């Protein structure tokens, strides 16, 4: 596996489950086959030894009397036994008395061939493979078994009769391992097939087990990706739950809930800060009326709408008369209270579609939209609104000022206003020119005695 390579948890679980089982299956199969193969070889050798002992016991007289016909008959009967391919009976001088062989089913498993013409004793080629302490020779294809033929004799020179034995001949039996090897191959294929079936069955069981792990993990992964992308409203709901995954899911859901709460709180703070910035950028901090920047934007929109519809709009400039004395007598805090009250009185005289803005100091600007398509009617409407404002502003102001020590100071002050009006519609003039026109009319009202209204008709048509 390459360093840093990514693999699914299902593959990891499959490897962790299948690899030990595969090793265990191979180990058990190897142990079983090795033990079974040894048993098959041992059974064949034991059967060969038994056959050799039976021949040795039955051929004692034939060897002693050199009755080759009887020995041959005995060998022929024994040669019918399975896996026996050669029987050789020799006398005590290793002279061959009987040598019978048969063809093997497997041509590759030929018996050891004794040379026909040799200066060695006839059986020496076979006997050189024999270990008399372990008279079994296995070359992988043929098993050669050596069995001495013992003859008994009576000792006459003793008061008691005792039997003694001497070797009168030798039996050499060769057995083919072809059938045993075929059985081994069959067992090997059966074992391999059983192992494959076991591995396949285990693999499908592992897949089923993986689903109980990987499906919830995949659901967790998708939920975490959604959370990472900012979707904090998502919630993890597992179709099946393991204890550890349930604990992890509860933790993720709790974390998501806390993050959502923090997000909402942060968003609320951002909205508040944005609103404050907007207030600072477009509204007067004292009266909360639109400031000059917002007024200019709304005036541009009103001029464009008036030009499209052919309906007049009006702009008013207001300046408070007799405002400076309240600042001189009671301080700027008292003047601020009066400005707030004046802003409220002006707003109460307007429609919702109209705008009143604080232009600076004690100056206010009123924007009237959608008056009339007739100049005369529009002039009357604008003058009517201006008169309402003038009348409202000339009423006495009753203010309550709270000092730093907590004492309350009640103030009564009279303050009027001078108002200048200009109308606009389909004119090739700039917004700044309209504002100058209204400002000029307002100064005319001040110069003519204050507390009155003047209309500037230079920009009107």
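The values are calculated or read from the model by the stated rules, or taken from the named source; none is laboratory data. All figures in this text were calculated on a predicted structure; none of them were measured in a lab. All Cβ positions, glycine included, derive from the backbone under ideal geometry; neighbour counts span all protein chains shown.
Looking at the range 417-455 only, could you name the residues that are touching a strand residue (DSSP E or B) at 6+ places or on another chain (Cβ under 6 Å), within 15 Å of residue 376 (Cα to Cα) and either surrounded by 24 or more Cβ atoms within 10 Å (Cβ to Cβ) or modelled with pLDDT under 90 (or both)?
Correct list: 421, 422, 423, 424.
Right, residue 251: out of contact with any strand residue (DSSP E or B) (no Cβ under 7 Å at 6 or more places or on another chain), assigned to a helix (DSSP H, G or I) and over 30 Å from residue 148 (Cα atoms) or not?
yes
Based on this model, can you work out whether residue 368 counts as at negative phi and either out of contact with any strand residue (DSSP E or B) (no Cβ under 7 Å at 6 or more places or on another chain) or surrounded by fewer than 19 Cβ atoms within 10 Å (Cβ to Cβ) (or both)?
no
Would you please name the residue that is modelled with the lowest pLDDT, looking only at residues in the range 222-245 that are outside any loop (DSSP other than H, G, I, E, B), within 16 Å of the chain's Cα centre (by Cα) and within 25 Å of residue 208 (Cα to Cα)?
245
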